[in-house]
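Just below is one structure, and these are the notes that go with it.
Every read-out reported here was derived from the displayed coordinates using simple, explicitly stated rules and does not represent laboratory data. This structure is a prediction, so every number in the text was calculated from the model and none was measured. We place every Cβ from the backbone using ideal geometry, glycine too, and count neighbours over all the protein chains shown.
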Amino acid sequence: MRLFRPDVDRLTAYTPGEQPQESGWVKLNTNENPYPPSPRVLEAIERVASSRLHVYPDPVGTSFRKAAAELLNVEPDWILPANGSDENLTLLLRTFADPGELVCAPYPSYILYETLAAIQGAAFSRILLNPDWSWPLPACREQIENCKLLFIPNPNSPSGTFWDQETVTGLVPPRGVLVLDEAYGDFADRSDAIKILSSDVGGRVVVTRSFSKSYSLAGLRFGYAVAHPDLIRGMRKVKDSYNCDALSLAGAEAALHDQDWMLANREKIIATRGRLATALEDLGFDVTPSQANFVWTTHAERDHKQLYEQLKAGRILVRYMQFPDCIGETTIDGLRISIGRNEEIDQLLTALNTLV
Ligand SMILES: Cc1ncc(COP(=O)(O)O)c(C=O)c1O
């Protein structure tokens with residue numbers, strides 16, 4: 001007797017980065033923010049915890065949506081809060097991709113898109129990026145024209161590279177929806193994603209944002225989508241009634257109100273990123289210029305998996321990533337290193353100094 005849906009039976013589950021629960025690790029593998037969230041977040045959470053846990057949260061997050069709308073200069077009905085960006089990605093698949101319809105994403109990029117498409121029973125096609133992480137235009141035109149949903153992480157992971165407004169606008173599927181996944185958007189030099197929403201193609205674009213990275217709230221699980229209210233209305237139909245709990249709604253709203261805190265951490269991370277890139281290059285690594293809170297790095301003469309393992313043996317975690325079947329049927333592999341505190345990056349560099 002077969003109990004599982006065939007799509008689930010066939011599925012290879014997505015494997016997130018390692019999350020050791022004990023202290024004593026230099027953890028540079030899942031792009032968390034090394035700095036704590038704004039103290040206003042804790043105050044807001046404590047307020048809610050002491051008075052509002054016995055009732056259900058606001059199912060549509062009215063107060064958060066108002067705050068986000070003010071920040072972005074849109075109306076609140078353009079905003080959909082979710083339990084992390086990952087939940088919004090799931091909602092996008094449920095809303096827009098029927099089983100069998102085509103979903104695309106660049107490759108190498110965030111592998112979760114493929115897993116979510118498989119769960120939905122949608123067809124998935126990788127758009128193989130050029131070795132310099134640019135789009136293979138016009139070769140990928142046909143894929144884009146036929147796809148119902150195209151996910152683009154911008155900045156991209158694992159490369160940290162950023163595609164400009166003109167490139168991204170030209171990639172909106174003519175009969176589908178473009179998702180601009182801006183999980184790392186706050187670290188980019190500039191982002192025009194919200195402007196794209198009011199352009200000619202804006203009615204077919206959804207921007208997703210995360211509180212896990214720039215706002216230091218990976219443990220809270222919160223993100224939001226921004227799109228034309230017609231699209232948001234459809235997505236809202238398929239979400240759980242109470243997809244965001246009262247604590248995360250209050251915490252995220254407080255975080256949003258403390259832009260200075262987030263921007264100060266952003267500056268520190270960008271400064272450390274520059275220092276790390278230079279030091280890695282001095283050690284003989286190639287470093288892809290990054291606009292995110294991590295760098296993608298390779299070494300022509302060293303085995304990346306072995307380096308990852310040697311670092312791990314010294315309780316330093318980075319992410320070893322391997323992407324088979326890239327353009328030219330080559331396998332790309334390398335290390336994705338999250339930007340930690342200066343002391344953590346110093347520990348990493350000291351260890352690498354002895355290893356390369
Ligand atoms: C490109 C990309 N999108 C989305 C996410 C998930 O964000 P969240 O923690 O808000 O679910 C990640 C997490 O690493 C990511 O790398």
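Spacing of the modelled spin labels on Gln19 and Asp192, each 7 Å from Cα toward Cβ, amounts to 3.7 nm.
Using a Gaussian network model on the chain with a 10 Å cutoff between Cα atoms, which of Val287, Val295, Val55 fluctuates the most? Largest GNM mean-square fluctuation: Val55.
Within the listed set Ala313, Ala292, Ala225, the Gaussian network model of the chain (springs between alpha-carbon atoms below 10 Å) gives the highest mean-square fluctuation for Ala313. In percent, rounded to a whole number, the relative contact order of region 42-122 is 21, using alpha-carbon pairs under 8 Å and six or more apart.
Just from its helices, what would the mean residue ellipticity at 222 nm be for the chain, if runs of 4 or more DSSP H residues each count -39500 (n - 2.57) and the sum is divided by every residue, rounded to the nearest 500 deg cm²/dmol? Helices in the chain give a 222 nm mean residue ellipticity of -11500 deg cm²/dmol. Taking a straight line from the alpha carbon of Lys305, these lysines sit under 26 Å away, with near neighbours fewer than eight places off in the same chain left out: Lys27, Lys213. Here is the short version for the chain: Cys140, Cys244, Cys326 have no other Cys C-beta closer than 4.7 Å.
Rounded to the nearest 20 debye, the dipole size of region 269-356 about its Cα centre is 360 debye, using +1 on the Cβ of Lys and Arg and -1 on the Cβ of Asp and Glu. With a simple spin-label model that places each label point 7 Å from the Cα along the Cα-to-Cβ direction, the separation between Tyr35 and His54 comes to 4.0 nm.
Applying 1/(1 + (r/R0)^6) with R0 = 35 Å to the Cβ-Cβ distance of Glu142 and Ala69 gives a FRET efficiency near 0.40. Taking amide H as placed 1.01 Å from N in the peptide plane, Val206 has its amide H under 5 Å from the amide H of Leu178, Val179, Leu180, each at least 5 places away in sequence or on another chain.
If you model the chain as an ellipsoid using its alpha carbon gyration tensor, with each semi-axis the square root of five times an eigenvalue, the axes come out at 31, 27, 20 Å, biggest first. Its Cα centre serving as origin, region 210-356 has a Cβ charge dipole (Lys and Arg +1, Asp and Glu -1) of approximately 480 debye. In summary, the aspartates and glutamates within cross-link reach of Lys195, defined as a Cα separation below 16 angstrom excluding same-chain residues under 8 places away, comprise Glu70, Glu75, Asp164, Glu166, Asp181, Glu182, Asp186.
Highest mobility in the GNM of the chain, judged by mean-square fluctuation with C-alpha springs under 10 Å and restricted to Leu217, Leu249, Leu112, is found for Leu112. Taking a ≥ b ≥ c as the square roots of the eigenvalues of the alpha carbon gyration tensor, region 187-229 is oblate, as a/c is not under 1.5 and a/b does not beat b/c. Each Cα pair under 8 Å and six or more residues apart adds its sequence gap; the mean of these over the residue count of region 161-271 is a relative contact order of 22 percent. Per-residue Karplus couplings for region 262-278, computed as 6.51 cos²θ - 1.76 cosθ + 1.60 with θ equal to phi - 60°, are listed in order as 4, 5, 5, 5, 4, 4, 4, 5, 5, 5, 5, 4, x, 5, 4, 4, 5 Hz, Gly and Pro entered as x. When region 39-258 is described by a simple charge dipole with +1 on each Lys and Arg Cβ and -1 on each Asp and Glu Cβ, the residue from Ile196, Val60, Cys140 located farthest towards its positive end is Val60. Short-range pairs are left out: with C-alpha atoms under 8 Å and at least six residues apart, the relative contact order of the chain is 24 percent. Diffusion coefficient (Stokes-Einstein, Kirkwood radius over C-alpha pairs, 4 °C, 1.567 mPa s) for region 280-319: 117 µm²/s, rounded to a whole number.
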